[in-house]
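Nothing in this text is a laboratory measurement; each read-out follows from the coordinates by a stated rule. Keep in mind that what you see is a predicted model, and the values were worked out from it rather than measured. Cβ coordinates were reconstructed from backbone atoms using ideal geometry, including for glycine residues, and neighbour counts include every protein chain displayed.
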């Protein structure tokens, strides 16, 4: 396999609050390869969005990256100046968010925003930039882009706004695109349109994507690999087929079981008892142990280490459901 | 289907935005502006049998929430009749009407918007049954504890405020509040949409358990087809204010008839579809301010022909218990079956 374009190692992000220091991301490591789609799955509060923000250097006080390493193209990002990061963001790294209304400036026309984004990183004439913007809109499926360039964000529907946000994110053919639940607020038909656009655009530009979502079904169709997060840690990674068909970690298994379409009609859904722990009170040992059907005394006492499995998989579990851990 | 508990007969709901002063002045000078009318629900007839779970699905803006509110009695229809146990609400006496209204309760999507943040849970759940004389004021506390246990909440937390609960627990408070007035019908408007999957599974299981315990009837409004497939007996698919298909859930999901239902099902992401090629229904749902003539779906429909552009298709029975509003069913010859190729590819 080629070299990873993005390599995150032992990332720790903490937030100082009145209740003490909360660790939102606790030792996360993963690699992202060129043109690959990695799905980062987890429930609310699992730390998946904070991981995405950390990659772009967008963690604001009281949050801070306490330790770890984020390498883009083999160069360390942590500790770089804000100026250096700004020259990377939008050019080599880009992000799309759940609500494009927060991404787009409501008082500026679309053309102003897009031209600004192009000229921030490239010395081109305003005219040439506008032409690039027009083509970018055309590529994400916005009808009559020439007229639409003159419109304001509120004049677009939610799906169209998200397309514009994607067009802006991909303007400079970034090496890595972090997508944080970009289709969660959209209807299924619009979601399918956006996923189709993103899929073909990413293939065209060779952009690697970190796709953050709580929806396993979206990931199933889109991603090459999956990483499952729970209480600030990645508990399982592997190829989509492996993870969804032969989950190692009981939490992954529980998540898959909770998806209604996987269950027989009328029969109660397989449910995970309890709820995800508050970051202020993460249980000792394996954080999933209070909800886990397989938990033993060992689980409550010690945090399972990242253990490699066959097929380039990893899981953190004392009592795996499938597969034999590889000898270290 | 059992005897219908709720019947909608030719129900429409129009929302009118009257002209403001400036527009009226403009009209004096011949601007020719008229009131803006949104037909949120456009001539819908639907019967819900006693003890049945009907799923109502569609995209944002199709009118499914408005229809749910009409069923719950929160909105009155502009045209048409809503019958509860065979009797139209206009013909009921005051006391009967109140009883009928209590019998249909609604559970909302966002518990933070539907629970009063300044009231304690015991007051939120207990107020309505006391006001309506279901329990005496002295028995309220015990009654609330019982309701909380029924929905899986710890009665010890009844003195707390809504913000002290998690999202899943707040959803349960909303359910307990609705159950406290002993309803026969629950209208759930996207009641699990804001919850994480593992919590959503818990709440859906609760709905199914309560259905058996209390013999409840549900109208389950959702954009999530996976949830509806799991919980509903029959499914109604709405598009731009109209029901385009109505059939038993198994039939809708295994052999959808209407091209819109087919397209909608095609785009549901599924765990089984590994690395599929997303292909998409073109366009977006048109504005209900200016719905297209004829079949509302024709501008996006791959099979639309001349008649679809002028003639509104009626919701017709195409097989026992199965209804669809599509002109293709009147055409001779084989129907175009697989609309979008990738479903066949994903299945193969």
Crossing angle, helix A:126-139 versus chain A [Cα axis fit, 0-90 degrees, rounded to tens] | 50
Mind checking which of A:35, A:227, A:196 has the largest fluctuation in a GNM of chain A, springs on alpha carbons under 10 Å?
-> A:196
Per the Kirkwood definition applied to all pairs of different Cα atoms, how many angstroms is the hydrodynamic radius of segment B:229-308?
-> 14.1
Just rank A:48, A:264, fewest to most, by other beta-carbon atoms within 10 angstrom.
-> A:264, A:48
What average count of beta carbons from other chains do you get within 10 Å of the Cβ of residues in A:214-222?
-> 6
For segment B:1-91, just the Cα set please: Rg and Dmax, both in angstrom.
-> 17.3, 59
Helix A:158-169: angle to the longest alpha-carbon principal axis of chain A, degrees 0 to 90, nearest 10?
-> 80
Computed, not fitted: 222 nm per-residue ellipticity of chain A from DSSP H runs ≥ 4 (each -39500 (n - 2.57)), nearest 500, equal to -9000 deg cm²/dmol
Exposure proxy check: A:103, B:91 ranked by fewest other beta carbons within 10 Å?
-> B:91, A:103
To the nearest Å, what is the center-to-center distance of segment A:181-260 and segment B:1-25, using C-alpha atoms only?
-> 40
For segment B:134-213, alpha-carbon Rg over 2.2 N^0.38 Å = 1.09
Where Rh is the Kirkwood radius over Cα pairs, Rg/Rh for the protein assembly as shown = 0.98
Helix B:121-131 versus the longest principal axis of chain B: what angle, 0 to 90°, nearest 10, using Cα atoms?
-> 90
Give the order of B:60, B:34 when sorted by the count of other beta carbons within 10 angstrom, beginning with the fewest.
-> B:34, B:60
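Could you state the orientation-averaged shadow area of the convex hull built on the Cα atoms of segment B:78-203, in nm² to one decimal?
9.0
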Among A:51, A:183, A:112, whose mean-square fluctuation peaks in a Gaussian network model of chain A (Cα, cutoff 10 Å)?
-> A:112
A convex hull over the alpha carbons of segment B:4-347 yields, per residue, a volume in Å³ of 178
Length gain on complete extension for the stretch residue A:44 to residue A:121, per 0.36 nm per residue less the alpha carbon to alpha carbon distance?
-> 24.3 nm
For peptide A:268-277, how many partner chain Cβ atoms fall within 10 Å of a residue's Cβ, on average?
-> 6
DSSP beta bridges in chain B, what fraction antiparallel, as a percent rounded to 5?
-> 60
Report, in deg cm²/dmol and to the nearest 500, the calculated mean residue ellipticity at 222 nm for chain B, where each DSSP H run with n ≥ 4 adds -39500 (n - 2.57) and the sum is divided by the residue count.
-> -9500 deg cm²/dmol
Can you pull the semi-axes for segment A:274-328, root of five times each eigenvalue of the Cα gyration tensor, sorted largest first, whole Å?
-> 23, 11, 10
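What's the average, rounded to a whole number, of partner chain beta-carbon atoms within 10 Å of each residue's beta-carbon in B:21-28?
0
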Order by protection proxy (mean Cβ within 10 Å, highest first), peptides B:159-171, A:153-165 | A:153-165, B:159-171
Gaussian network model of chain A, Cα springs within a sub-10 Å range: biggest mean-square fluctuation belongs to which of A:75, A:175, A:136?
-> A:75
In whole angstrom, note down how far apart the Cα centers of segment B:160-201 and segment A:138-172 are.
-> 37
When the distances between all Cα atoms of chain A are binned every 10 Å from zero, what whole-number percent does each bin get?
-> 5, 25, 32, 24, 11, 3, 0
